[in-house]
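First up is the structure itself, then whatever we jot down about it.
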Amino acid sequence: MLRASGLSKVYRTPAGEVHALRSFDHAFEAGRVTAVLGPSGSGKSTLLNLLAGFDVPSTGEVWFGDVPLHDLTERERSVLRLRSFGFVFQSYNLVTVFSALQNVALPLGLAGVARAERDGRARAALERVGLLHRADHLPHKLSGGERQRVALARALANDPAVVFADEPTGSLDSASGELVFEALHQVAEDGRTVVLVTHNASLADHADARLRLRDGLLEAVELGIRSGEAAAASPPSADGETAQPRRGDEPFSHPPVVDGEAAHPRRGDEPFAQAAQSEAPASRAPRRDGRAPRGAPSERVAAREPHAAEVEVASGVARPDDAPVDGSFGGG
């Protein structure tokens, strides 16, 4: 279980202190999709960064089982993310010069899994999301929905206990978004904890639990949404005081990125792909000179070696703003 207790984050700016999160308390249970909702600047990204160990709280605690994330060093938190957490985000964060299979195998390689084993486990993860037939395709040959499912397969490759999803359907059409969301539910049904941040209220309606943030405060908890048994509870404010309105967007809004723990591929589970249909990638008309269409990646992109930081971001060791800015991935 992932648990936050009295979690607060304060940023000091020239204009004064900004309380991004105030006395947040919640236990994120295994086997459940918990959706986090709130307007821009409500503290959603701050919360996700604290839960995933990309940042440390000003006060309060984050527990993963009996492991105190708030007491770990940065290196220890990076190792924990690699071995126990998986990440799926709106911008995919796929390495552009790697095939789908190579992208899924990235965290396995960093975790020290032998090449033969990681190839088999990566293929098993792709099969679970219905994309084994796309294993050798580069990201630009995949549709948005397919790229997001490759990112999900990568997040599951190391068999993480917790999967964080930050606006995973934000860049997708409704049909592709529903496939990804249903896949996240199957992830939870495997016994994992799924924390989903979304602005899509109708999507959140189908989560197992829903948290509402406003001005850094958890203002409502609604349980049993998916089963139609909503039970709203208003959590206490920080020490009973009224939260001050946030000024602008939260300053620490770069989301964590991609991946999880060293273990074994799922056993006996049916692939997510039963509901998935083949999605045709977007294409552009060829140019008359025979070169790749403007704005479309060239096949020669595969000749470039990925940056070390690019690999770390894609595997959840580093966050996006630590990566080179070369268009290979976005910060969400």
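The values are calculated or read from the model by the stated rules, or taken from the named source; none is laboratory data. Quick caveat, the model's predicted, so the values are computed rather than measured. As a convention, Cβ positions derive from the backbone with ideal geometry for all residues, glycine included, and neighbour counts pool all protein chains shown.
Looking across region 139-165, the residues that are outside any helix (DSSP H, G or I) and more than 15 Å from residue 179 (Cβ to Cβ) come down to 157, 158, 159, 160, 161, 162, 163, 164.
Of all residues in region 48-69, those satisfying the criterion of being in a helix (DSSP H, G or I) and in contact with a Phe, Trp or Tyr (Cβ under 8 Å, 6 or more places away or on another chain) are 48, 49, 51, 69.
Among 138, 110, which is crowded, with 18+ Cβ neighbours inside 10 Å and more than 19 Å from the chain's Cα centre (by Cα)? After ruling out the rest, the residue left standing is 138.
Being over 18 Å from the mean Cα position of the chain (by Cα) and not in a loop (DSSP other than H, G, I, E, B) is a condition met by at least one residue of region 173-188. One residue stands out among those in region 1-18 that are surrounded by 21 or more Cβ atoms within 10 Å (Cβ to Cβ) and out of contact with any His (no Cβ under 8 Å at 6 or more places or on another chain): the one that is nearest to residue 193 (Cα to Cα), which is 2. The set of residues in region 59-75 that are farther than 21 Å from residue 192 by Cα and either aliphatic (A, V, I, L, M) or modelled with pLDDT under 95 (or both) comprises 70, 71, 72, 73, 74, 75.
Restricting to region 96-117, name every residue that is out of contact with any Ser or Thr (no Cβ under 7 Å at 6 or more places or on another chain) and in a loop (DSSP other than H, G, I, E, B). Passing the criteria: 97, 98, 99, 111, 112, 113, 114. Sub-7 Å Cβ pairs linking a first residue in region 62-73 that is surrounded by 17 or more Cβ atoms within 10 Å (Cβ to Cβ) to a second residue that is β-branched (Val, Ile, Thr), at least 6 apart or interchain, are 69/62; 70/56; 70/62, ordered by first then second residue.
The combined condition, being exposed (fewer than 15 other Cβ atoms within 10 Å of the Cβ), under 23 Å from residue 159 (Cβ atoms) and not hydrophobic (A, V, I, L, M, F, W, C), is fulfilled by residue 31.
Residue 78 passes every criterion in (1) surrounded by fewer than 24 Cβ atoms within 10 Å (Cβ to Cβ); (2) in contact with a Phe, Trp or Tyr (Cβ under 8 Å, 6 or more places away or on another chain) apart from (2). Criterion applied to 78, 40, 45 was being under 23 Å from residue 219 (Cβ atoms), part of a helix (DSSP H, G or I), modelled with pLDDT under 95 and among the hydroxyl-bearing types (Ser, Thr, Tyr), and the one residue passing it is 45. Scanning region 146-160 turns up at least one residue that is closer than 23 Å to residue 48 by Cα and among the polar types (S, T, N, Q). The residues in region 1-49 that are more than 28 Å from residue 202 (Cβ to Cβ) and of a type in the set (Gly, Ala, Ser) can be counted, and the count is 6.
Within 18 Å of residue 168 (Cα to Cα), touching a residue at least 12 places away in the same chain (Cβ under 8 Å) and of a type in the set (Ser, Thr, Tyr): which single residue out of 34, 59 fits that description? Answer to the selection: 34.
A quick yes/no check of all residues on (1) at pLDDT below 90; (2) surrounded by 21 or more Cβ atoms within 10 Å (Cβ to Cβ); (3) over 18 Å from residue 87 (Cα atoms):
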{"site": "97", "(1), (2), (3)": "no, no, yes"}
{"site": "104", "(1), (2), (3)": "no, yes, no"}
{"site": "126", "(1), (2), (3)": "no, yes, no"}
{"site": "132", "(1), (2), (3)": "no, no, yes"}
{"site": "175", "(1), (2), (3)": "yes, no, yes"}
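Which of the residues belonging to region 141-152 are of a type outside the set (D, E, K, R) and within 16 Å of the chain's Cα centre (by Cα)? 144, 145, 148, 150, 151, 152, listed by residue number.
In this structure, is residue 122 assigned to a helix (DSSP H, G or I) and in contact (Cβ under 8 Å) with a residue 40 or more places away in the chain? No. All conditions but one from (1) touching a Ser or Thr at 6+ places or on another chain (Cβ under 7 Å); (2) within 20 Å of residue 88 (Cα to Cα); (3) not small (Gly, Ala, Ser) apply to residue 9; the one that does not is (2).
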